[in-house]
1. So for the range 291-310 (the condition being assigned to a loop (DSSP other than H, G, I, E, B), under 28 Å from residue 209 (Cβ atoms) and in contact with a helix residue (DSSP H, G or I) (Cβ under 8 Å, 6 or more places away or on another chain)), does at least one residue qualify?
2. Only one of 88, 27, 62 is crowded, with 17+ Cβ neighbours inside 10 Å and free of Cβ contacts under 8 Å to residues at least 40 places away in the same chain; which?
3. Restricting to the range 271-313, what's the tally of residues that are within 21 Å of residue 55 (Cβ to Cβ) and touching a residue at least 24 places away in the same chain (Cβ under 8 Å)?
4. Does any residue of the range 26-38 turn out to be in contact with a strand residue (DSSP E or B) (Cβ under 8 Å, 6 or more places away or on another chain), more than 25 Å from residue 199 (Cα to Cα) and not in a loop (DSSP other than H, G, I, E, B)?
5. Surrounded by fewer than 24 Cβ atoms within 10 Å (Cβ to Cβ), touching a helix residue (DSSP H, G or I) at 6+ places or on another chain (Cβ under 6 Å) and either free of Cβ contacts under 8 Å to residues at least 24 places away in the same chain or not in a loop (DSSP other than H, G, I, E, B) (or both): is that true of residue 186 in this structure?
6. Just wondering, is there one or more residues in the range 4-14 that are modelled with pLDDT of 95 or more, farther than 25 Å from residue 197 by Cα and not in a loop (DSSP other than H, G, I, E, B)?
7. Would you check if there is a residue in the range 259-279 being surrounded by fewer than 16 Cβ atoms within 10 Å (Cβ to Cβ) and either within 17 Å of the chain's Cα centre (by Cα) or in a helix (DSSP H, G or I) (or both)?
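The values are calculated or read from the model by the stated rules, or taken from the named source; none is laboratory data. On a predicted model such as this, the values are computed, not experimentally measured, just so you know. Glycine also receives a Cβ, built like all others from the backbone with ideal geometry; neighbour counts cover every protein chain displayed.
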């Protein structure tokens with residue numbers, strides 16, 4: 001199968017994975033989504049990523065996904081790249097999301113390996129090659145998140161797909177810093193200068209940038225995009241002390257995900273609920289509800305997030 005060449009410059013900088021604001025009736029709140037996008041652009045982000053894990057893409061209907069795509073592309077209006085998650089259980093289902101995202105006019109696609117059914121690396125490779133044949137010149141980024149997919153993408157497979165021109169880079173949300181560093185080293189040894197390696201960690205960005213990753217896709221960036229932009233800029237400028245200080249502040253801000261009572265809700269509800277609650281407290285979105293069946297934070301838990309925002313200098 002012939003694979004089209006990539007035409008997108010290497011992804012770098014801060015690309016927050018946006019939450020999807022919902023109404024109390026669980027419809028997409030397009031007005032809040034537009035404000036969230038403007039909040040990100042004002043913070044200086046280098047791109048936005050919708051319909052990922054933080055965007056609850058796998059919880060939304062196809063119609064809701066389309067609303068998110070069209071609203072985002074229209075609101076961003078070409079100011080930064082729009083990356084769209086095309087995440088689903090099988091190649092056929094992902095292919096339908098690819099078609100919808102391309103129709104909406106996104107700049108790049110983000111896909112995991114297929115999940116639920118156990119897959120072999122050769123099958124994962126077939127999956128990405130097939131998606132690239134459908135995407136044409138639009139770049140595809142692999143999303144390595146074994147906690148959700150059940151499969152860790154090996155460095156050898158990721159780099160092989162990059163060398164073939166199938167993927168333009170990877171978002172590493174594995175939480176395995178040793179594996180991430182090995183990927184960066186191998187990329188350098190192979191001379192793959194245009195292949196992007198982005199970390200999905202909120203709390204180790206300064207160290208990851210120091211050993212060579214290209215940028216960060218932080219869920220907490222929803223709440224404090226400007227903070228991550230400052231962190232990235234100081235790190236790239238070689239000011240390790242300033243980068244460390246900013247990372248330390250964001251590390252403490254990340255404690256908002258620990259506010260919710262985990263005896264009554266799952267980890268996703270706790271983290272995504274905290275991001276949405278933070279945006280709600282800041283007046284960016286109108287409602288902090290998470291996608292059904294996730295349990296939203298209580299009023300008491302939302303109130304407990306306020307002092308953590310204040311401590312971080314967010315008002």
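1. no
2. Working: 27 fails: crowded, with 17+ Cβ neighbours inside 10 Å; 62 fails: crowded, with 17+ Cβ neighbours inside 10 Å.
Criteria check complete, one pass: 88.
3. Applying the first criterion (within 21 Å of residue 55 (Cβ to Cβ)) to the range 271-313 yields 271-297, 302, 305.
If we keep only those that are touching a residue at least 24 places away in the same chain (Cβ under 8 Å) as well, we get 271-279, 281-282, 284-287, 289-292, 294-297, 302, 305.
Residues that pass the stated criteria total 25.
4. Going through the range 26-38, the residues in contact with a strand residue (DSSP E or B) (Cβ under 8 Å, 6 or more places away or on another chain) turn out to be 28-29, 37.
Okay, now just the ones that are also more than 25 Å from residue 199 (Cα to Cα), so 28-29.
Checking the rest, the ones that are also not in a loop (DSSP other than H, G, I, E, B) come to 28.
So far as the range 26-38 goes, yes, one or more of its residues are in contact with a strand residue (DSSP E or B) (Cβ under 8 Å, 6 or more places away or on another chain), more than 25 Å from residue 199 (Cα to Cα) and not in a loop (DSSP other than H, G, I, E, B).
5. Working: surrounded by fewer than 24 Cβ atoms within 10 Å (Cβ to Cβ): yes; touching a helix residue (DSSP H, G or I) at 6+ places or on another chain (Cβ under 6 Å): yes; either free of Cβ contacts under 8 Å to residues at least 24 places away in the same chain or not in a loop (DSSP other than H, G, I, E, B) (or both): yes.
The answer is yes for residue 186.
6. Filtering the range 4-14 for residues modelled with pLDDT of 95 or more gives 11-14.
From what's left, farther than 25 Å from residue 197 by Cα: none.
Within the range 4-14 (the criterion being modelled with pLDDT of 95 or more, farther than 25 Å from residue 197 by Cα and not in a loop (DSSP other than H, G, I, E, B)), the answer is no, since none of the residues qualifies.
7. Quick first cut of the range 259-279, residues surrounded by fewer than 16 Cβ atoms within 10 Å (Cβ to Cβ) only: 261-264, 266-267.
Filter once more, keeping what is either within 17 Å of the chain's Cα centre (by Cα) or in a helix (DSSP H, G or I) (or both): 267.
Yes, the range 259-279 contains a residue that is surrounded by fewer than 16 Cβ atoms within 10 Å (Cβ to Cβ) and either within 17 Å of the chain's Cα centre (by Cα) or in a helix (DSSP H, G or I) (or both).
Rundown of residues vs (1) over 26 Å from residue 258 (Cβ atoms); (2) free of Cβ contacts under 8 Å to residues at least 60 places away in the same chain; (3) buried (at least 20 other Cβ atoms within 10 Å of the Cβ), yes/no style:
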position	(1), (2), (3)
144	no, yes, yes
162	yes, yes, yes
173	no, no, yes
182	yes, yes, no
206	no, yes, yes
217	no, no, yes
221	no, no, yes
245	no, yes, no
